[in-house]
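Have a look at the structure below, then the notes.
The values are calculated or read from the model by the stated rules, or taken from the named source; none is laboratory data. All of these numbers come straight from a predicted model, not from anything done at the bench. Cβ sites come from the backbone with ideal geometry, for glycine too, and all protein chains shown count toward neighbours.
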Amino acid sequence: MEYIDLRSDTVTVPTPEMRKAMCEATVGDDVYGDDPTMNELEKIAAQKVGKEAALFVPSGTFGNQLALLTHTLRGDEVILDETCHIVMHEVGASAVIAGVQLRTFKSKNGVPSPDEIEKLIRENDIHYPRTGLICLESAHSLGTVIPLDVMEKVREVSLKHGIPIHLDGARVFNAATSLGIDVKEITSKVDSVMFCLSKGLCAPVGSMLAGSREFIEKARKNRKLMGGGMRQAGILAAAGIVALEKMTDRLKEDHENAKYLAELLDNEFDFIEIKKDRLEINMVFFELKKDIDHSDFVSKMFENGIKINPPEGSEYRFVTHYYINRDKIERTIEVMKKILK
């Protein structure tokens, strides 16, 4: 059975063009720096986000944690949103790998208050840890995008206090698409950025960490320390090149499909509450205001050829991507009507 998979945009498989590029890739030993396809990917990635250099890493979590390790000293404090991916979904890795303390702030659906961030910066006191880094996330995994003027104000705070900013930009191209701007306008407001090749861009594996040349040189050694030194990684890089050159400009289609899905859910079910204030990218969050067995609902959807995640807390999340078209969205609605009504 061919499933309709709404669990995440990480479920996308390589396109035929990617598979061909991977098969034909010229490769070398990347630890020695002589894999030409990987070198080309890192050059393209850096140019794409307006940074001096970039580094391929196995995953988004790896890239974020590598950034923390490279920017900070052990015992430093990192300021970030209490709902961000680094806090919620990276297994406490910052305590294990970088040895840093996280100081969180409350955001409005992932959008930070620059004033609140500034209040959390530590004074120079013998009792306090050093504030070593500010982290932002955009697009946020709550389905929102940080407005550019907010990022500019956070940047002013960081420059005033001499504290770097790292952007968890796993879906930064979605953020740029949502704002209708070039991605460089976002990344120019931060010192480093991680972005995924496998979230919505269809590459099978990998993320990129980009920043200054000095930062990436240091990160490359730390990547080796973390076990991320790879050999003939050009096979993976070949798919990443296609992802950056062919897939970033089509994300608007996914956003439009998410809005279409939200509209159908809203119109067809009077007991579904759409989180309309978090519908800025390719994610639809909603609550089922009906007494149902959630595990049974997930199972029945699966039996009907649709993969969804169980709710987190009380919220479901459906994610559109390259392999979700309007026919599949309409099929999903019909199955839900059969199960829920």
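Would you confirm, using the coordinates I've provided, whether G200 is outside any helix (DSSP H, G or I) and surrounded by fewer than 22 Cβ atoms within 10 Å (Cβ to Cβ)? No; evaluated as a whole, the condition is false for this residue. Number of residues in region 22-43 that are of a type in the set (A, V, I, L, M, F, W, C) and surrounded by fewer than 16 Cβ atoms within 10 Å (Cβ to Cβ): the value is 2. Pairs linking a residue in region 269-284 that is more than 20 Å from G169 (Cβ to Cβ) to a residue that is small (G, A, S), with Cβ atoms under 8 Å and 6 or more positions apart or on different chains, are I274/A262; K275/G143; K276/A262; V284/G143; V284/A258; V284/A262.
Among the helices (runs of 4 or more DSSP H) confined to region 1-78, the ones with at least 1 residues that are closer than 30 Å to R103 by Cα and at pLDDT 95 or above are located at 36-48, 60-71.
Does G99 satisfy the condition of being in the same structural domain as K184 (by TED's automatic domain parsing) and loosely packed, with under 15 Cβ neighbours inside 10 Å? It is true that G99 is in the same structural domain as K184 (by TED's automatic domain parsing) and loosely packed, with under 15 Cβ neighbours inside 10 Å.
The residue list I235, I281, I274 contains one member that is out of contact with any Pro (no Cβ under 6 Å at 6 or more places or on another chain), at pLDDT 95 or above, hydrophobic (A, V, I, L, M, F, W, C) and surrounded by 23 or more Cβ atoms within 10 Å (Cβ to Cβ), which is I281.
Of all residue pairs spaced 6 or more apart or on separate chains, those with beta-carbon atoms under 7 Å, a first member in region 139-154 that is assigned by TED's automatic domain parsing to the domain that holds N109 and in a helix (DSSP H, G or I) and a second member that is of a type in the set (D, E) and surrounded by fewer than 18 Cβ atoms within 10 Å (Cβ to Cβ) are L148/E185.
Residue pairs whose Cβ atoms lie under 9 Å apart, sitting 6 or more positions apart in sequence or on different chains, and linking a residue in region 226-237 that is outside the structural domain of L41 (by TED's automatic domain parsing) to a partner that is in a loop (DSSP other than H, G, I, E, B), do not occur here.
Restricting attention to region 20-41, the residues that are in contact with a helix residue (DSSP H, G or I) (Cβ under 8 Å, 6 or more places away or on another chain) and touching a residue at least 24 places away in the same chain (Cβ under 8 Å) add up to 15. Would you confirm, using the coordinates I've provided, whether G305 is modelled with pLDDT under 95 and surrounded by fewer than 19 Cβ atoms within 10 Å (Cβ to Cβ)? No, not satisfied. Filtering region 246-297 to residues that are part of a loop (DSSP other than H, G, I, E, B) and either hydrophobic (A, V, I, L, M, F, W, C) or assigned by TED's automatic domain parsing to the domain that holds V49 (or both) leaves F269, F271, L279, I281, I292.
Of all residues in region 142-162, those that are more than 18 Å from A210 (Cβ to Cβ), surrounded by fewer than 21 Cβ atoms within 10 Å (Cβ to Cβ) and out of contact with any Pro (no Cβ under 6 Å at 6 or more places or on another chain) total 10.
Out of the residues in region 106-120 that are touching a strand residue (DSSP E or B) at 6+ places or on another chain (Cβ under 8 Å) and crowded, with 17+ Cβ neighbours inside 10 Å, which is nearest to T70 (Cα to Cα)? The extreme case among them is I117.
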